[in-house]
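Encoded as structure tokens, the structure appears first; notes follow it.
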Amino acid sequence: MIQEALVAQCRLFLEEDMNTSVKTVTTTDAEIPKLMLKSYTSMIAVGGPNPLVILISFDTSLLDHLAELFLDGAAVEHHEREAVRDSVCGEISNTVVGLALHSFPNRGKGVSITPPITINDASSIAKFRTAKLTTSKIAADFGSLSISVIASPTPKKEL
Amino acid sequence: MLKILIVDDSLIIRKKIAKIVQDLGHSVLFNAQNAQEAIDAYQAEHADLVTMDITMPDMDGISAVKALMQIDANAKIIMVTALGQEEMVIRAIQAGAVGYLLKPITQAKLEQSIGELFSAYRCDTDEYLDD
């Protein structure tokens, strides 16, 4: 349910707000021992009845495309380039998770989200003990992104 | 033309709002990346409008609203927020903010907010809109 909501909102955001076509969506809910991260990843923790962690990870090419659209012609100095990428990664993740909240169990009531944290130097996250990992890959024009949810193995509501 | 103070720890949001502000024919008084910079800027020169991020390091947007309202009880502050921050928006409005902008921020949304906020002043006086 949460994974589906995140994917649906991300797709909507890409297609309607960013004018970027989504080609395919692939969701893997089988046992994943390790999560492979793309170049730029943002992490948001969700508190409430079913605490979880959401990671949204972008190919550089897609992130650069989205940054260009996001900036809409605003100038970026060369030294600001990395900061802009981190910032876009965080802002898009924050927007997608925020928009998906109303589709969470109990319409997201009593659910809080942390500000996004950008992870730059990690290539993978290994699952620890019984954590449940679900991941979706969204292939779009200019590259792909992944949305992953890390949750407790016995959530009170279905993911 | 309004003088607008932009307060956000996100570089991309500061750039985005600044671009929209300029495209709408207004001017950016200052781009503050934290609450203290915003307070210092507002003390130096009062802005006609402030766009304020809610979640920022060190001092959050609600505390910043309270600080700006102490400097100027007539300060006009719009909160910039993502969904899921409704409780904080309510607290910010209780602290003196006059409205909010929901992300993703677009020119149409900011233009509408400015229009709603300053239409009363447009009828009574051109103090805020001296184009």
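Do we find that B:ALA75 is within 17 Å of B:ALA18 (Cβ to Cβ) and free of Cβ contacts under 8 Å to residues at least 40 places away in the same chain in this structure? Give the derivation first.
Numbers: within 17 Å of B:ALA18 (Cβ to Cβ): no; free of Cβ contacts under 8 Å to residues at least 40 places away in the same chain: yes.
Here the answer is no, as B:ALA75 does not meet what is asked.
Scan the stretch A:91-101 and give yes if some residue there is free of Cβ contacts under 8 Å to residues at least 40 places away in the same chain, over 23 Å from B:LEU101 (Cα atoms) and either more than 16 Å from the chain's Cα centre (by Cα) or open to solvent by less than 60 Å² (accessible area, probe 1.4 Å) (or both), otherwise no. No, the conditions are met nowhere in the stretch A:91-101. Selection of the stretch A:67-110 for residues being modelled with pLDDT under 80 and assigned to a loop (DSSP other than H, G, I, E, B) yields A:PHE104, A:LYS109, A:GLY110. Scan the stretch B:68-90 for residues that are open to solvent by less than 50 Å² (accessible area, probe 1.4 Å), out of contact with any Phe, Trp or Tyr (no Cβ under 6 Å at 6 or more places or on another chain) and polar (S, T, N, Q) and the total you get is 1.
Where strands (runs of 3 or more DSSP E) fall entirely within the stretch A:1-65, those with at least 2 residues that are open to solvent by less than 60 Å² (accessible area, probe 1.4 Å) and either over 20 Å from A:PHE142 (Cβ atoms) or in contact with a Cys (Cβ under 6 Å, 6 or more places away or on another chain) (or both) are at A:40-47, A:52-58.
Each row is one residue, and each column tells you yes or no for (1) in a helix (DSSP H, G or I); (2) under 30 Å from A:CYS10 (Cβ atoms); (3) open to solvent by less than 20 Å² (accessible area, probe 1.4 Å); (4) among the polar types (S, T, N, Q).
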| site | (1), (2), (3), (4) |
| --- | --- |
| B:PRO57 | no, yes, no, no |
| B:LYS66 | yes, no, no, no |
| B:ALA92 | yes, yes, yes, no |
| B:ILE105 | no, yes, yes, no |
| B:PHE118 | yes, no, yes, no |
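For the stretch A:111-133, give me the residue count where each residue is more than 14 Å from chain B (Cβ to nearest Cβ), part of a strand (DSSP E or B) and small (Gly, Ala, Ser). The qualifying residues number 2. For the stretch B:31-55, a tally of residues being in a strand (DSSP E or B) and away from every other protein chain (no Cβ under 14 Å) returns 5. May I ask you to verify whether B:ILE17 is within 14 Å of another protein chain (Cβ to nearest Cβ), buried (at least 19 other Cβ atoms within 10 Å of the Cβ) and hydrophobic (A, V, I, L, M, F, W, C)? Yes.
The values are calculated or read from the model by the stated rules, or taken from the named source; none is laboratory data. Because the structure is a prediction, the values reported are computed rather than measured. Glycine gets a Cβ as well: all are built from the backbone with ideal geometry, and neighbour counts include every protein chain shown. Side chains are part of the model used for accessible areas, which takes the heavy atoms of the whole protein and leaves out ligands, DNA and RNA. Shrake-Rupley method; radii C 1.70, N 1.55, O 1.52, S 1.80 Å.
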